Amino acid sequence: MGQAAEPLIDLGELTGAAPSADDEGRPRVPARLVLLLVAVLVAAGLPGDAALIPLRPVLTTPFTPTDFDMGDDVLYLFDGSYAPNRVLAHRLRDGKRLWQVGSPATASYETVRQVGGRTLFVPDPCTAPGSVSTVAVDTASGREVWRRPGTAEWLVSGGTLVVMARPHFTYGCGTGLPATPVHWDAVNVATGALAWSVEVPEVDRISLDSGRDGSRWVVFVARDGTVVVRDLLTGAVTAQTVLPELARPAPPGGHAPALGGDVVPAPDLLIVGNQALLLRRPAIRFGGGPAVLDITAYDVAGLTRRWDVRVDVGPSDLRGSAGYVDLAACGPMLCLRGQLRTVFLDPRDGAQRWRSSLRLLATSGDRAVLADARAGNAADETAPGGLTVRDVRTGQERGIVPGWRVLTADLRRQAAPLLGVTLAGRTWFARLDLARLRVVTLGSAPGRYGSCLAEPEYFACRGIDGSVRVWRSWVAPRL
């Protein structure tokens, strides 16, 4: 595999004019032309018999796992969805099976989470007839280190604590609403020692920030609009106030309008970075119309007001949705994603810097990866493809990646985005090095693949036969 990381296809550095304030994206290129172009690029970029350069899997599962996950040099395979099930751990560098852990007879393990030298096995309390416990094992040996009642839900910023909920999930089972009251225990991941504990009262909404290494803040919103902020490192309350806009005497989620009426989505409070952002949506006409949001930013630790702004997210299609909008951190910017537009805001004052009708897939540093929202998946040979790399602060185009589609871009895993395209029954894989604006072709494998996960040195995908294969990748730079 020494030469599998070559060659490099340099996207170049474009210096064209900055996009307009409302970038509608490029005209669509016919799918056949795109596929022909990417085939030419792949063939031109690979030495000699390019089509015969195979990727050699370091591991192919002998069975069809119901689910899988990856950590540092470990692949976790779930055998069974119902109680009892088991999780098998394989070492990535040589495919060797390390150990396996079986669930109790009355509960199934739903997720695993690798944190440092520990692997947490989190049960599903919704299908268990009684109480459940989270188990932590030594990742290298599989030896049990600690066991505590409840389910591990959130890793705290810094990676030393995990917040556990008991006797059930904080958000209940299938309701999407807080099932409070519930008890939270912050536990040291390495030792299982209790750091702090708190009883979460009945609340209407709960919001946490989401960083690469965990969450730092949590906000509880009561039905009368009372807002309480806690520091997850200590469990201490740092601020409490009443925001009348968040009062919700009606049932959570409001009521569905009659056909032809107006939709008035309930206000929401989100934590993004070090800010708590209050989102208020004016009424929007059922069946379409502009999606306009009023955003008020507060300092999350003390709830000190920072700025207010009104943003037009563009047209909305309310068939089956009350104007979906998502607000999240995108590198140094705030990204407001509507159904048909993504708007990039400056977190310092809420000012709009640029917008696009392209779909945002990933950000890293000052780069953003976008694609046509109508593009298909990597295994669809007839769907249009192509990615655009832009400066996340200005929207200026930095490069074009024709034909490829993103297979996985979970940058919390510290890996460069994994790209793929299926041509003539083979799936080609590549890494998108955003820092250097290069596509690094890894090679190809026969068949179609999806449901991929990527770590810096490895990536794993599920084939159409249900098996999972792991390949060694180039050593990606830390993002």
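Bear in mind these aren't lab numbers, they're just calculated from the coordinates by the rules spelled out. Bear in mind that the values here come from a model prediction, so they are computed numbers and not experimental data. Note that each Cβ is placed from the backbone with ideal geometry, even for glycine, and that neighbours are counted across all protein chains shown.
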### Task
Give the calculated FRET efficiency between ILE464 and ARG393 to the nearest 0.05, with a Förster radius of 30 Å applied to their Cβ-Cβ distance.
0.15
### Task
Figure the gain on full extension for GLU457 and ILE400 (residue separation times 0.36 nm, minus the Cα-Cα span) and round it to one decimal in nm.
18.0 nm
#### Entry: Mean separation of Cα contacts under 8 Å, 6 or more apart, over the residue count of the stretch 68-202: relative contact order %
14
### Cα-centre dipole for the stretch 68-202 with unit charges at Cβ (Lys and Arg positive, Asp and Glu negative), debye to 20
420
### Task
Give the value in nm², to one decimal: projected area of the alpha carbon convex hull of the stretch 68-202, averaged over all directions.
8.1
### Summary
Net charge near ALA329 (other residues with Cβ under 11 Å of its Cβ; Lys, Arg +1; Asp, Glu -1) is 0
### Message
Can you compute the FRET efficiency between ASN274 and ASP138 using 1/(1 + (r/R0)^6), with r the Cβ-Cβ distance and R0 = 35 Å? Round to the nearest 0.05.
### Response
0.50
### Task
Name the residue farthest towards the positive end of the dipole of the stretch 68-202 from the options GLY174, SER141, MET70, assuming +1 on Cβ of Lys and Arg, -1 on Cβ of Asp and Glu, about the Cα centre.
SER141
#### Entry: Semi-axis lengths (Å, descending) of the ellipsoid that matches the C-alpha gyration tensor of the stretch 153-226
22, 14, 11
### Task
Kindly rank 142-148, 456-462 from highest to lowest mean number of other beta carbons found within 10 Å of each residue.
456-462, 142-148
## Note on the structure
What the Cα atoms of the stretch 91-167 span along the principal axes, largest first and in whole Å, is 39, 32, 17
### Message
For a Förster distance of 25 Å, can you work out the FRET efficiency between the beta-carbons of THR111 and VAL237, rounded to the nearest 0.05?
### Response
0.30
### Query
Taking the Cα atoms of the stretch 62-119 alone, what are Rg (to one decimal) and Dmax (as a whole number) in Å?
11.2, 34
### Query
Say each of TYR82 and ARG426 gets a label point 7 Å from the Cα, pointing the same way as Cα to Cβ; how far apart are those two points in nm?
4.3
### Query
Going 7 Å from the Cα of LEU194 in the Cα-to-Cβ direction, what parts of the stretch 124-149 have a backbone nitrogen less than 12 Å from that spot?
149
### Query
So, by mean Cβ neighbours within 10 angstrom, what's the order for 58-69, 360-371 with the highest one leading?
360-371, 58-69
